[in-house]
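The values are calculated or read from the model by the stated rules, or taken from the named source; none is laboratory data. These numbers were taken from a predicted model, which means no experiment stands behind them. When we count neighbours, we look across all protein chains shown, and the Cβ atoms used for this are built from the backbone with ideal geometry, even at glycine. Just the protein is used for accessible areas: all its heavy atoms, side chains included, with ligands, DNA and RNA removed. Shrake-Rupley method; radii C 1.70, N 1.55, O 1.52, S 1.80 Å.
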Amino acid sequence: MIKLVSDTIDRTDINNLIEWLSQDEIPRLTKGELTIQLEEKWANKIGTKYSVFVNSGSSAILLALAAYLYSKNIQNKKIVIPSLSWATDVSSPMLLGMEPIMCDCNLEDLSCDLTHLEQIFKDESPSSFILVSPLGLVPNMEKIIDLCDRYNVTLFEDVCESMGSKYNNKYLGSFGLASFFSMYFGHHLSTIEGGFINTNDEDFYHLLLMMRSHGWDRDLPEWKQIELRSKYSVDDFTALYNFYVPGFNLRATDLQAFIGLRAIDKLDEYSKRRNNNFNQYLNGVKNTKLNISNFNTNFISSFSYPIVNENKEKIVKKLQEHNIEVRPLIAGDMSKKPMWYEKYGIQSLPHCELINNYGFYIPNHQDLTENEINLIINIINE
């Protein structure tokens with residue numbers, strides 16, 4: 001079996017975890033000091049001031065958007081979402097009472113079609129936009145940032161599939177108000193379950209810390225706790241169960257943080273291998289309608305390799321006959337899912353429809369061999 005993904009938690013990680021758990025004094029397993037260390041290490045890695053560790057990448061989206069709605073003096077609740085995205089990019093705004101607007105994708109890097117995006121910005125004047133970077137491919141960040149600045153749109157980055165990818169030597173996830181990362185099995189790195197929100201906005205960061213944990217102030221720096229308690233005349237004892245903002249419980253654990261602290265050290269090597277595999281696919285695959293481009297100044301930490309072909313069913317069947325795992329291209333067109341069209345109706349998004357009808361993706365991970373890639377390429381090209 002040539003698997004779609006390969007576990008990034010190895011035997012050494014497990015042995016280290018067992019040793020940590022086997023101490024005479026049982027270590028703290030719930031969120032604690034290791035989580036703080038992990039957050040600092042991840043923020044430094046990506047190049048942002050702050051990061052917040054949560055229990056999944058999907059929770060990262062939910063928490064960040066909830067904090068945005070609560071904290072920012074936004075002009076409206078309209079938010080643009082790529083139709084080529086993931087379920088929780090769509091469901092989180094829906095469940096939070098926002099007004100999602102679908103944008104078509106392009107066929108070069110699979111992110112939003114910039115012509116369609118600008119038209120939406122002009123016609124709808126949305127307050128925010130979730131930019132999804134599919135499969136490790138890198139959007140044209142210069143143009144996207146320019147559009148967001150010109151139309152006064154807050155940028156969020158969903159980088160769950162593009163951890164380690166860079167635009168002009170700067171990590172994706174360091175451009176918008178906030179970015180989302182996933183640490184689920186099968187992604188670039190794993191903490192079993194888990195995710196990050198990264199941001200450079202201190203006030204937003206403090207709000208995320210409170211809203212992640214019920215709305216209390218326990219995770220805030222001491223000076224911020226003093227400021228809040230003074231503002232609301234709260235003594236230290238009452239502060240233990242005082243809630244300043246509405247919140248969730250989306251915390252991860254120190255057990256996951258223990259794994260994550262070691263996982264971050266693997267990112268560069270794993271990204272390099274994924275990039276090498278990606279270039280082998282890029283140079284070898286001839287049988288796709290995509291025009292994958294824009295890689296001269298960017299680094300692609302490839303998640304999987306996308307294919308769009310009218311003979312999808314034949315190719316997929318042939319790959320499966322050779323015990324090669326294959327999946328739909330992300331989830332296809334999200335506007336074609338019942339969760340969307342039963343509420344908002346049918347839309348016509350030509351590029352996403354092409355992806356929906358003829359798109360799939362093939363394996364790429366840090367353990368894939370050159371011979372395995374050549375086998376996959378030959379089946380597709382035939």
Whichever aspartates and glutamates have a C-alpha closer than 15 Å to that of LYS343, once near sequence neighbours (fewer than 8 apart) are set aside | GLU99
Once the in-chain neighbours fewer than 8 apart are removed, the aspartates and glutamates whose Cα is under 16 Å from LYS45 read ASP265, ASP268, GLU269
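Ranking request for peptides 78-86, 48-56: highest mean number of other beta-carbon atoms within 10 Å first, then the rest in descending order.
On the way: 78-86: 26.7, 48-56: 22.9.
Those peptides, ordered most packed to least, come out 78-86, 48-56.
Where Lys and Arg each count +1 and Asp and Glu each count -1, what net charge lies around LEU375 among other residues with Cβ under 14 Å from its Cβ? Spell out each step's value before the answer.
Numbers: positive: LYS3, LYS318; negative: GLU321, GLU325, GLU370, GLU372, GLU382.
Around LEU375, the charge tally is -3.
Tell me the per residue accessible area of the chain using a 1.4 Å probe; a whole number in Å² is fine.
Details: 16820 Å² over 382 residues.
So the chain comes to 44 Å² accessible per residue, rounded to a whole number.
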Please list the non-local residues whose amide H lies under 5 Å from the amide H of ILE192, H modeled 1.01 Å from N, same-chain partners needing a gap of 5 or more.
-> PHE185
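What is the sum of charges around GLN320, taking Lys and Arg as +1, Asp and Glu as -1, for the other residues whose C-beta is under 13 Å from the C-beta of GLN320?
Working: positive: LYS3, LYS312, LYS314, LYS317, LYS318, ARG327; negative: GLU313, GLU321, GLU325.
It works out to a net charge of +3.
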Options TYR232, ALA257, GLN366, ranked by Cα towards positive dipole end of the stretch 227-381, top entry (Cβ charges) = GLN366
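Tally Lys/Arg at +1 and Asp/Glu at -1 over every other residue whose Cβ is under 14 Å from the Cβ of LYS272; what's the total? Don't skip to the answer; put the middle values down first.
Numbers: positive: LYS166, LYS266, ARG273, ARG274; negative: ASP265, ASP268, GLU269, ASP367.
So the surrounding residues net to 0.
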Counting Lys and Arg as +1 and Asp and Glu as -1, each charge on the Cβ, what is the dipole of the stretch 211-327 about the Cα centre in debye, to the nearest 20?
-> 760 debye
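Could you please state how large a percent of the accessible area of the chain is carbon and sulfur, counting protein chains only and using a 1.4 Å probe?
Values: 7880 of 16820 Å².
Carbon and sulfur: 47 percent of the exposed surface of the chain.
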Dipole moment magnitude, nearest 20 debye, the stretch 1-44 about Cα centre, only Lys, Arg, Asp, Glu C-beta charged = 220 debye
Hey, got the dipole for the chain? About the Cα centre, +1 on K and R Cβ, -1 on D and E Cβ, debye to the nearest 20?
-> 480 debye
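Computed over the Cα atoms, what is the radius of gyration of the stretch 220-299 divided by 2.2 N^0.38 Å, N being its residue count?
Here the Cα radius of gyration is 2.08 times the empirical estimate.
For a 23 Å ceiling on Cα separation, which of these pairs sit above it: LYS143/LYS170; LYS266/LYS286; LYS286/LYS318; LYS286/LYS337; LYS170/LYS336? Intermediate results must be reported in sequence, preceding the final value.
On the way: LYS143/LYS170 15 Å; LYS266/LYS286 32 Å; LYS286/LYS318 17 Å; LYS286/LYS337 30 Å; LYS170/LYS336 34 Å.
Violating the 23 Å Cα-Cα cut-off are LYS266/LYS286; LYS286/LYS337; LYS170/LYS336.
Based on DSSP H runs of at least 4 residues, each adding -39500 (n - 2.57), what is the mean residue ellipticity at 222 nm of the chain after dividing by all its residues, to the nearest 500 deg cm²/dmol?
Numbers: 15 runs with 161 residues, N = 382.
The helix-only estimate for the chain comes to -12500 deg cm²/dmol at 222 nm.
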Relative contact order of the chain: what whole-number percent is it, with Cα pairs under 8 angstrom and at least 6 residues apart?
-> 23 percent
Counting only DSSP beta bridges with both residues in the chain, what percent are antiparallel, rounded to the nearest 5?
-> 60 percent
Rounded, prolate or oblate: which fits the chain when a ≥ b ≥ c are the square roots of the eigenvalues of the alpha-carbon gyration tensor, with rounded for a/c under 1.5 and prolate only if a/b beats b/c?
-> oblate
